[in-house]
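Notes follow the structure.
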Amino acid sequence: MQAISLTLVFAAALLASLLVKFWLATRQMRHVAAHRDAVPEPFTSTIALAAHQRAADYTLAKGRFGLLSMAFGAAVLLGWTLLGGIDTLNVAVRDALQPRFGSMAYQLALLTCFALIGSLLDLPFELYSTFRIEQRFGFNRMTWKLYVADMLKGALVGALIGLAVAALMLWIMGATGGLWWLWAWGAWMAFNLLILVLYPTVIAPLFNTFEPLADESLKARVQALMARCGFAAKGLFVMDGSKRSAHANAYFTGFGASKRVVFFDTLLNKLTPGEVEAVLAHELGHFKHKHVIKRIVSMFAISLAGFALLGWLSTQIWFYAGLGVRPSMGAPNDAVALLLFLLVTPVFGFFVSPLFAQLSRKHEFEADAYACQQASGHDLAGALLKLHEDNAATLTPDPLYVRFYYSHPPASERLAALARAPSSLQTA
């Protein structure tokens with residue numbers, strides 16, 4: 001009875017989430033299309049009609065493609081769960097490997113096969129997005145050679161790290177008793193913190209080249225800003241983002257003493273030194289308001305609840321049966337429990353995602369306000385306009401779509417807030 005209830009609840013949640021996603025996506029596309037032929041009033045003097053229409057067309061192209069991707073993703077999820085995909089894969093891998101190589105090898109092979117099949121299913125969509133949509137709008141600079149190299153390096157890094165973490169988790173699940181989920185959570189948190197430290201110097205350089213910032217005047221300006229803000233970084237670097245995409249960005253990476261500032265070369269080519277400083281001041285605002293620490297703590301708390309829930313569900317027969325899997329009687333079900341949990345929780349998590357998006361937008365407003373205190377609000381507004389135009393971000397998103405999905409406020413709201421921000425540097 002519990003299994004049937006879970007089946008019905010999961011099917012209803014999957015259908016409801018899909019319908020809401022389609023409804024929001026179509027609202028967004030209708031709203032953008034309806035405002036395509038006129039630049040919004042606040043931007044008429046700064047954004048050309050051709051740029052506005054390009055952004056609208058880019059949004060519509062991604063929206064239409066997103067509808068297809070959502071439908072396919074829901075079908076794949078249904079196939080893995082209620083239609084018996086994981087059960088079939090599990091039985092095949094278990095029968096082939098478990099008797100000869102043991103439980104750990106069988107479970108790692110199951111996770112590997114699942115990841116490989118999922119990657120192959122996603123590959124056509126990724127290729128179309130990169131080499132058709134991004135190419136059509138002038139953003140893609142990825143060659144086939146670079147794409148294949150990235151894919152192979154990503155697979156190798158993913159296998160080395162992923163299999164090691166998976167083996168550790170599976171060992172903990174099988175060896176530490178009823179409170180395994182607490183030990184697993186501790187190991188998972190330690191791994192995430194380790195990645196924060198190692199990513200800038202070990203992983204990221206495998207995919208991109210990082211050169212020290214060579215512009216001495218900009219370097220002096222950035223260092224003065226960081227000194228005013230009481231922020232220390234290990235270095236200022238420029239990343240060759242232009243070899244893959246025309247999109248621009250800047251970010252902080254690392255944790256503790258390993259923090260570094262990274263500018264995309266595309267960003268430095270598009271913004272003035274004052275605008276770069278303002279963008280960096282915004283990022284420093286996140287640190288000043290402890291947004292990064294708050295997000296890490298939130299991640300810790302949510303993951304602890306998730307591991308505790310998984311610890312309970314993994315012992316319930318109805319959890320497996322309700323999601324289309326016959327639990328093994330002579331082999332561990334730990335890998336199957338992990339797969340089912342990772343597949344199912346996003347369906348239910350979708351309905352609370354607007355709360356996290358709202359919190360993220362609040363943090364962005366706070367970081368903007370801080371940037372106005374430490375740099376020029378006028379320069380920050382100019383940078384936002386340039387980045388919106390260069391990234392073909394629509395200026396006319398649907399308000400409800402924004403409230404549900406946007407982690408950053410729309411340009412109109414951010415610029416209005418910047419205009420109200422009290423700062424002696426605002427028009428510097």
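The values are calculated or read from the model by the stated rules, or taken from the named source; none is laboratory data. Computed from a predicted structure; not experimentally measured. Here the Cβ positions follow ideal geometry from the backbone for every residue, glycine too, while neighbour counts run over all protein chains shown.
Out of the residues in the range 8-25 that are among the small types (Gly, Ala, Ser) and within 13 Å of Phe348 (Cα to Cα), which is surrounded by the most Cβ atoms within 10 Å (Cβ to Cβ)?
Within the range 8-25, the match that is surrounded by the most Cβ atoms within 10 Å (Cβ to Cβ) is Ser17.
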If you go through the range 325-363, how many residues are more than 27 Å from Leu111 (Cα to Cα) and buried (at least 21 other Cβ atoms within 10 Å of the Cβ)? 0
Report, ordered by the first and then the second residue, all pairs with beta carbons closer than 6 Å, sequence separation of six or more or different chains, a first member in the range 312-340 that is of a type in the set (D, E, K, R), and a second member that is part of a helix (DSSP H, G or I). Arg326/Asp87; Asp334/Leu170; Asp334/Met173
Search result, residues across the range 115-144 that are under 16 Å from Arg64 (Cα atoms) and in contact (Cβ under 8 Å) with a residue 40 or more places away in the chain: Phe125, Tyr128, Ser129, Ile133, Glu134, Arg136, Phe137
Those residues of the range 92-114 which are more than 25 Å from the chain's Cα centre (by Cα), in a helix (DSSP H, G or I) and free of Cβ contacts under 8 Å to residues at least 60 places away in the same chain, in sequence order: Ala92, Val93, Asp95, Ala96, Leu97, Pro99, Arg100, Phe101, Ala105, Ala109
Can you say whether Ala257 is more than 20 Å from Ala383 (Cβ to Cβ) and modelled with pLDDT of 90 or more, as far as the supplied structure shows? no
In the range 341-354, residue farthest from Gln316 (Cα to Cα) [restricted to those that are without any contact (Cβ under 8 Å) to a residue 40 or more places away in the chain and in contact with a helix residue (DSSP H, G or I) (Cβ under 8 Å, 6 or more places away or on another chain)]: Thr345
Taking Leu268, is it part of a helix (DSSP H, G or I), over 25 Å from Phe356 (Cβ atoms) and at pLDDT below 85? yes
Would you be able to say whether some residue in the range 61-76 is more than 24 Å from the chain's Cα centre (by Cα), surrounded by 13 or more Cβ atoms within 10 Å (Cβ to Cβ) and either within 24 Å of Asn333 (Cα to Cα) or not aliphatic (A, V, I, L, M) (or both)? no
When only residues in the range 69-86 that are out of contact with any helix residue (DSSP H, G or I) (no Cβ under 6 Å at 6 or more places or on another chain) and without any contact (Cβ under 8 Å) to a residue 24 or more places away in the chain count, which is farthest from Pro346 (Cα to Cα)? Ala75
Lone unmet requirement of (1) β-branched (Val, Ile, Thr); (2) under 30 Å from Gly241 (Cβ atoms); (3) at pLDDT 95 or above for Thr88: (2)
Which of the residues belonging to the range 186-241 are of a type in the set (Phe, Trp, Tyr) and closer than 30 Å to Ile172 by Cα? Trp188, Phe191, Tyr199
Applying the selection to the range 373-383, what residues are out of contact with any His (no Cβ under 9 Å at 6 or more places or on another chain) and either among the hydrophobic types (A, V, I, L, M, F, W, C) or not in a helix (DSSP H, G or I) (or both)? Ser376, Ala381
Scan the range 257-278 and tell me whether some residue there is exposed (fewer than 14 other Cβ atoms within 10 Å of the Cβ), within 25 Å of Phe191 (Cβ to Cβ), free of Cβ contacts under 8 Å to residues at least 12 places away in the same chain and of a type in the set (Gly, Ala, Ser). no
Somewhere in the range 187-194, is a residue surrounded by fewer than 15 Cβ atoms within 10 Å (Cβ to Cβ), over 21 Å from Gly311 (Cβ atoms), free of Cβ contacts under 8 Å to residues at least 24 places away in the same chain and out of contact with any helix residue (DSSP H, G or I) (no Cβ under 8 Å at 6 or more places or on another chain)? yes
Does the range 384-393 contain at least one residue that is modelled with pLDDT of 90 or more, surrounded by 15 or more Cβ atoms within 10 Å (Cβ to Cβ) and not basic (Lys, Arg)? no
Filter the range 138-195 for residues that are farther than 28 Å from Asp390 by Cβ and outside any helix (DSSP H, G or I) and give the result. Thr176
Filter the range 307-323 for residues that are closer than 19 Å to Gly174 by Cβ and not aliphatic (A, V, I, L, M) and give the result. Phe307, Gly311, Trp312, Ser314, Thr315, Gln316, Phe319, Tyr320
Are any residues in the range 207-224 loosely packed, with under 12 Cβ neighbours inside 10 Å, assigned to a helix (DSSP H, G or I) and of a type outside the set (Ser, Thr, Tyr), and if so, which ones? Glu216, Ala220, Ala224
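Rundown of residues vs (1) free of Cβ contacts under 8 Å to residues at least 24 places away in the same chain; (2) within 22 Å of the chain's Cα centre (by Cα); (3) outside any helix (DSSP H, G or I); (4) exposed (fewer than 14 other Cβ atoms within 10 Å of the Cβ), yes/no style:
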| position | (1), (2), (3), (4) |
| --- | --- |
| Leu6 | no, no, no, no |
| Arg27 | no, no, no, no |
| Gln53 | yes, no, no, no |
| Thr59 | no, yes, no, no |
